[in-house]
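Colleague: Below are the structure tokens for one structure; questions will follow.
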Amino acid sequence: MGILDWLKSKKVTNTGGQTKKVANKVPNPGKNPKKKSSSNVNSYKVGIWQGGECKWVGPHTKAKIQEMLNDGDISPKDLISFKGSKYNDRVYQIPGIKLKSLKKANPNSKSKATGQKRTKTTNSKTNNAHPKAMKQAKPQGQPKKKMKGQPKKKSPTTSDSIVQPKGAGRHLPKASSSGKIVDLQKLIDKTASKGELNLDANVGEYQGPVTIRRPIKIVGKKHAIWSKKGPVLSVEKGEAVLQDLSIEITQNDHSKLSEEETVALDVSPSATIKTEKVFVRGNVKGVIGEEGTWDYPPAINLGSLRPEVSHEFKIDLLIPIKCKIRCDISGLILKASNAVGGSTTLTVLLEGMGTGTRLRGKITIESGMISRQIPINANIADSKSKKAIKGNGEVIWKPEKSTLLDLANQIVKDLTLKKSDVFEFDSTAQGDSLEFAEFLEVSDKGMIKLRKLEQATDATLRVKGRPLSVCPEDYEFKKIDCLVLPMSLAKQVGWRDVKLPKGPFGLKAWNDAVENITCDVRVVHNKKLAGKMKWKAGEIIKFAKKVDSKGKWIPKKDQSFAYGEFEEFSNKGMIKLRNLEQDDTGKLSKVSRLNLFNPFDYAWDSILRLELPDDLDKKGVVYLQKAVKGPFVLNSWNQLMEDANLKNNQPITGPKKVKNRRLNAGLGEAFASSPVPEESKEQESSLKQEKPKVDGGTSLKVQEQPSVPSEPHTTEKKRSKQSSLKTSVFSMNDENKSKSPPPIKEKLNNDKITKTKKSKTNKIELKGFWNE
Amino acid sequence: MKKTATLHDGRKIDYVHSDNPPKGGMKEVHFSTDGKFALCFYHDQSLKDDNRILRLESIIGNFDPTKTRTDGGASRDQKSADYYYNLFNWVKGIIVAPKFGVLTEKFGANYFFKTGRFKGKDKESTWFTKPKLRKMIPNGEVGHFLGFLMLCRRMAMGLQKMHMTGLAHSDLSNKNVLIDPKNGLCQVLDIDSLVVPGIFSADVVGTPGYIAPEIIRTTNLATNDPKREFPCNWTDLHSLSVLIYEYLLKRHPLRGPKVNSTASAEEDERLSMGERAVFIEHPTDKSNRPGASSRDPSWKRELDPCISALGPHLEKCFLKSFVDGLHKPRSRPTATMWVDALARTLDLLVPCSNQACEGKWFVYLDGKKQKCPWCGKKPFGPFPVVDLHFAPRPGQYRNEGRQIVCHNEKKLHEWHILSNKRMDEYSDTTLLGDIQFHQGHWLLINRDLNSLVSDGGNPVPKGQATKLKEGAEIILSKSEKGRLAVVKFVS
């Protein structure tokens, strides 16, 4: 029997005297309403399901209900209950309740009790946790209310069930004293420079991202700043002090985030931070000693374990820096295989425990400034439980990207590498250039074992050193599917002109492939060079080696020049020439025949000027009447020099002395009178050392060539000849025109010369010479 | 008629002498003119002897738990003293003139019926425990199961304090305990005849029905007979058990259909309460159990509810008291055990979904279908129950066999949070957390917990809440003695 039924069935005088017709009274809950009924409406005992509350209030008399309604403590639409009531009976249906108060307390008005604005009462099915209760309570009284100011979305940290029951009713606490979501960025911006920001203890957590733009101190009081993706907290400028704070990226699956988004704390180069009890979930950027990729489980659940036996589990972690790892659970011992940094296998040893024990705690990873925590739990099951397991050293978690072993195996698998296959790798960590190696195997710790190879100037590969193990994470591996030529060759040839066979290669296959193509390359391109030079037989050419024995480019200032008489281009494109030596009169004589197998390693030039040996220049015995332009052939050059000697019986001072020690060193260092600089000595010695290496390490192609040294001026024979000749050469490099003061001896000579230089012609000739 | 009485220490007090004062077995009561004190004059003035005065001086002095030790009492601090002040109607003075008697404070207003047939009368236990009398009590004062449970705990606390001080009440009965079931309060009377074992012997053997069987069994022996049993701590414990049983189940634990003597009713009563006493819910001896098999038609009604409906903790205590310890006083559960059992049972209460239910609350029974034993109604729907675990070693939690039933507005205090805290007079009653059913979700709200950790391992700051989900494991406090709560839903 519902209240409406009473309205229909009986008409009772309202004691309040306001209405004449009042329905039958609400029966006393202790009595059977069908049998007894009182004529006094005020004696009705009605329970009210008050909006915003979760319980029945009352029972109340009608007068009390009217009073509560007037005070706004209840709403007219609140549900009522009494013995025999029907679902959906509401306050306004109680006979004698003033309708005026109904208007006053309309559903959109503010409830006095909750202080919240009521929006709409619905019977939506939200009571999934309490279905029966809803079945009973939904129609009776707990209308779902959408409160103003209540966040639409649950914060991600609440996904594991922390909720902010803001505005939920008078029994529930509010988020803050104001009841609003606190904007941390505003608080930070309001904080004065070098000021302190104490986070409100009643708020608990703050949504990021936030940026600190001035030196401030944040006292977090163990509260969290969170964001779904990073950076959560950025420090742009100044020194920020963070204390008792947790900075969290709440997206557990970091694989869904970009690298930038996995950064929880981002400190720009112009900023610094000081930390105290700061916990981070995510990566850290810009903090010295804290950077790198972290990969560790968000939580570890060891599951249901067998009682009274010890257990062992393993967890693979990626920890970029040296850390301390500890756990707060008694009886659980952690052993880190490598706490220094990198891939770490954490061994979890658990002593035997009794049935029903639950282990709850945290693994804390402490680096220098920042800590990270991993909740860990386990349950010790009943001995009869079939689901219980025993830990025998299983790996229970590993980084999603994989451990080093997986990574290395994956690389090998992807590249389809077999033993002795050749591949190239680029050290991403150190920024090195490409290098080549012969694959050996993957070690049981995930290191890639390989044999490093070096490439000769003819692109052949040879074993360089002992096998080395590289961390696959630090390198970028590529299988070689084309030939790679030495830089010097490649530059001049142009990659497009080379026919590239597809890899991957074994070492032998590679070298075979190189041999097959090198001839063509040389012939084609040496002929091009020959055509460009238009040299004729007997012409004197100046050449300097551009590439050292390792294939590295020699800077122009360090290149040493020599002279040769061009003979011809061989049918393979090699330049055949005779090495020339200059004596103290400037005369050139043939020394040996050179067969430079790779013309692209040399800088070529026809001779445009005369050059005298250095020592001759020092003595000032050679004086050239006039500058003569080349190109020269050998005979014409020598004739010219002879003419000059005849003409100048008396020695004349030359132009101001300019030393070119590097040049001299390169030419054979035949000058006993001039000190050889240290650099030149070193270079010479290095050349000496490298020579056998070059000879010994040449490929088949090289061995076919006549045993001509790649740097003819460094040979013993050559050097001894040069020293005996004591020729002097003038350097024509621009830098040789520097105005360094002559040594004391020279100064004396110069003084003498100055006297003799009084003649006009000398001055003019000198001027003209240098002008050229 | 206004008169003046003189106290033992010389103070004088005015009182209204009534011609027809309220009378008890030993005393008649008059009230002071200001209405604050009750002057209890002994009927038998021969009781005034040095030994009695010495006993009363001790009771007023160093045995008085309503005063602190610094004030010459027995309580450790003022908080404890205040607690027992509300629990005991302690003797405040010795009246030497015009008659020998004791001065006590008048009971609080809540111990008098305000309305109904018994308006103005004090709330003796009998009104609430006898079914016929109970029906006469106004609805507003009849109380509910929760209230009875609370007052039982307070009564047990009082007796615990007495026993710890070295006293025994000797006459704990329905007459000597006033109750306020609506508010869960009680007050213990007749403090003047306290027994100090070995020093002050008992004046009385007790009230029938509450006297321990060993006393009844030996009443026929001479007082100097070494086999004669006198009221002491152990007999108090029997009285306490009977009272608790009566309060909670509204029947006497030993009164059943069994007839022990047909010679006379008195003899039958003496045997039934004495040497042949049998618990009516004895698990093996069904001879005294009411039910269909009973010959007496008045005992045909089956026992419902039984002690099993009161939860495992109380059931255990009742069995220990009325089965193991009925004739073996030393096997009876101590007052501390009762306090502990009652406190644990308080956490197992479920509000009845029936608005008109007499009990309003019932005890959650683990592993059984939940049904209100008073009205038979099932609860609303699934509700959370929390299994508490303590940490003997850091990080290792073990089930301590204690549960908390979560109902709307269930409050959590320090004795729920920390395993080394008990609910006693020293407890900090600050609200640390509470359970709310809000928008279809059960929430545990952190009111003042420093280190509440949610199921996901995240700290729950003050003012925020964590959802109670099936299987959720919530660390209530990260301190050394902090408990772990494991949530399960039952229906």
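The values are calculated or read from the model by the stated rules, or taken from the named source; none is laboratory data. Owing to the predicted nature of the structure, the values given are computational and were not obtained by experimental measurement. Here the Cβ is made from the backbone with ideal geometry for all residues, glycine too, and neighbour counts use every protein chain on show. With ligands, DNA and RNA removed, areas are computed over all heavy atoms of the protein, side chains included. Shrake-Rupley method; radii C 1.70, N 1.55, O 1.52, S 1.80 Å.
Colleague: Dipole magnitude of the range B:111-347 about its Cα centre, charges +1 at Lys/Arg Cβ and -1 at Asp/Glu Cβ only, in debye to the nearest 20?
Modeller: Using only the charged Cβ atoms, the result is roughly 740 debye.
Colleague: Which value, in debye to the nearest 20, gives the size of the charge dipole of the range B:381-490 about its Cα centre, when Lys and Arg are +1 and Asp and Glu are -1 at the Cβ?
Modeller: The calculation lands at about 200 debye.
Colleague: Testing the spin-label approximation: label points 7 Å from Cα along Cα→Cβ at B:E266 and A:S589. State their distance in nm.
Modeller: Computed distance between label sites B:E266 and A:S589 equals 16.2 nm.
Colleague: Taking R0 as 60 Å, what's the FRET efficiency between B:K48 and A:E308 from their Cβ-Cβ distance, rounded to 0.05?
Modeller: With a Förster radius of 60 Å, E is 0.30.
Colleague: Among B:D324, B:D340, what's the order by accessible area (1.4 angstrom probe), most exposed first?
Modeller: From most accessible down to least: B:D324, B:D340.
Colleague: Take every residue in peptide A:205-212, count the Cβ atoms of other chains within 10 Å of its Cβ, and give the average of those counts.
Modeller: Mean inter-chain Cβ contacts per residue within 10 Å come to 1.
Colleague: Taking the Cα centre of the range B:1-106 as origin and charging only Cβ (+1 Lys, Arg; -1 Asp, Glu), how large is the dipole, in debye to the nearest 20?
Modeller: 80 debye
Colleague: Hey, another quick one. Expressed as a whole percentage, what fraction of the accessible surface of the range B:381-490 belongs to carbon and sulfur atoms when a 1.4 Å probe is rolled over the protein heavy atoms?
Modeller: So the carbon and sulfur contribution to the accessible surface is 48 percent.
Colleague: Ok, one more. So between A:D605 and A:N301, what do we pick up on full extension, going 0.36 nm a residue minus the alpha carbon distance?
Modeller: Here the answer is 101.8 nm.
Colleague: Considering the options B:L365, B:W415, B:T466, tell which one lies farthest towards the positive end of the dipole of the range B:347-491, charges being +1 on Lys and Arg and -1 on Asp and Glu at the Cβ, about the Cα centre.
Modeller: My answer, from the dipole projection, is B:L365.
Colleague: Restricting attention to the alpha-carbon atoms of chain B, what are Rg (one decimal) and Dmax (integer), both in Å?
Modeller: For chain B, the Cα radius of gyration and maximum Cα-Cα distance read 24.3, 73 Å.
Colleague: If you don't mind, there's one more thing I want to ask. Heavy-atom accessible area of B:V204 with all protein chains present, probe 1.4 Å, nearest 10 Å²?
Modeller: 40 Å²
Colleague: Next up: Along the charge dipole of the range B:11-82, which of B:V16, B:L56, B:A81 sits closest to the positive end, that is, farthest toward it, with unit charges on the beta carbon of Lys, Arg, Asp and Glu (+1, +1, -1, -1)?
Modeller: Result: B:A81, furthest along the dipole toward the positive end.
Colleague: If amide hydrogens are placed 1.01 Å from N in the peptide plane, which non-local residues have theirs closer than 5 Å to the one on A:I321?
Modeller: Residues meeting the criterion, in which the H sits 1.01 Å from N, are A:G342.
Colleague: Any idea how far the Cα center of the range B:91-121 sits from the one of the range B:413-491, in Å?
Modeller: Here the answer is 43 Å between Cα centres.
Colleague: Rounded to the nearest 100 Å², what is the sum over both chains of accessible area buried where A meets B, with a probe of 1.4 Å?
Modeller: 4200 Å²
Colleague: For the residue pair B:Y426 and A:E260, what label-to-label distance in nm results when each label sits 7 Å from Cα along the Cα-to-beta-carbon direction?
Modeller: 6.1 nm
Colleague: Same structure again: So, with a 1.4 angstrom probe, what is the percent of accessible area on the range A:532-572 that is carbon and sulfur?
Modeller: 51 percent
Colleague: Quick one: angle between helix B:78-87 and the longest Cα principal axis of chain B, in degrees between 0 and 90, rounded to 10, please.
Modeller: With both axes taken from Cα atoms, the answer is about 70 degrees.
Colleague: What is the helix-to-structure angle for B:50-60, meaning the angle in degrees between its Cα long axis and the longest Cα principal axis of chain B, kept from 0 to 90 and rounded to the nearest 10?
Modeller: Tilt of helix B:50-60: around 30 degrees.
Colleague: Tell me which residues come under 5 Å, amide H to amide H, from B:A472 once H is placed; ignore anything under 5 positions away on its chain.
Modeller: Sorted by chain and number, the residues that satisfy this are B:V487.
Colleague: Right, here's the next one. What net charge do the residues around A:S383 carry, taking every other residue with its C-beta under 13 Å from that of A:S383, with Lys and Arg at +1 and Asp and Glu at -1?
Modeller: Counting the neighbours of A:S383, the net charge comes to +3.
Colleague: Ordering B:I13, B:I179 by accessible area with a probe of 1.4 Å, largest first, what comes out?
Modeller: So, going from the largest accessible area down, we get B:I13, B:I179.
Colleague: Using amide H atoms built 1.01 Å from N in the peptide plane, name the residues 5+ places from A:I376, or on other chains, whose amide H lies under 5 Å from its own.
Modeller: Residues meeting the amide H criterion: A:I300, A:G361, A:K362, A:I363.
Colleague: If you don't mind, there's one more thing I want to ask. Determine, from the Cβ-Cβ distance of A:K557 and A:E236 and an R0 of 35 Å, the FRET efficiency 1/(1 + (r/R0)^6), rounded to the nearest 0.05.
Modeller: 0.20
Colleague: So, one more: Would you mind giving the average projected area, over all directions, of the Cα convex hull of the range B:381-490 in nm² with one decimal?
Modeller: So the Cα hull casts an average projection of 6.6 nm².
Colleague: Also: Check each residue of the range B:420-437 and keep those whose accessible area, probe 1.4 Å, is at least 20 Å² smaller with all protein chains in place than in the chain alone; give them in order of residue number.
Modeller: Relative to the lone chain, where solvent access is computed with a 1.4 Å probe, the range B:420-437 loses at least 20 Å² at B:Q436, B:F437.
Colleague: I would also like to ask the following. In Å², what does the accessible area per residue of chain B work out to with a 1.4 Å probe?
Modeller: About 42 Å² of surface per residue is accessible.
Colleague: Further question on the same structure: Per residue of B:123-133, what is the mean number of Cβ atoms on other protein chains within 10 angstrom of that residue's Cβ?
Modeller: Mean inter-chain Cβ contacts per residue within 10 Å come to 0.
Colleague: How big is the convex hull of the Cα atoms of the range B:111-347, per residue, in Å³?
Modeller: Per-residue hull volume (Cα only) is 130 Å³.
Colleague: Quick one: in the range B:318-364, what % of C-alpha pairs are over 16 Å apart?
Modeller: 54 percent
Colleague: Considering the options B:P131, B:L185, B:G143, tell which one lies farthest towards the positive end of the dipole of the range B:117-185, charges being +1 on Lys and Arg and -1 on Asp and Glu at the Cβ, about the Cα centre.
Modeller: Ranked along the dipole, the leading option is B:P131.
Colleague: Right, next: Expressed as an acute angle from 0 to 90° and rounded to the nearest 10, what is the orientation of the C-alpha long axis of helix B:335-346 relative to the principal long axis of chain B?
Modeller: 40 degrees
Colleague: Still on this structure, I have one more. Across peptide B:463-473, how many C-beta atoms of other chains are within 10 Å of each residue C-beta, on average?
Modeller: Neighbouring Cβ atoms belonging to other protein chains average 6 per residue here.
Colleague: Using a 1.4 angstrom probe on the protein heavy atoms only, could you order B:Y397, B:Y426 from most to least accessible area?
Modeller: From most accessible down to least: B:Y426, B:Y397.
Colleague: Per residue, what volume in Å³ does the convex hull of the Cα atoms of the range B:1-106 enclose?
Modeller: 103 Å³
Colleague: Measure up B:K3/B:K119; A:K190/A:K256; B:K2/B:K106 against 29 Å on the Cα-Cα distance and list the ones that go over.
Modeller: Result: A:K190/A:K256 exceed 29 Å.
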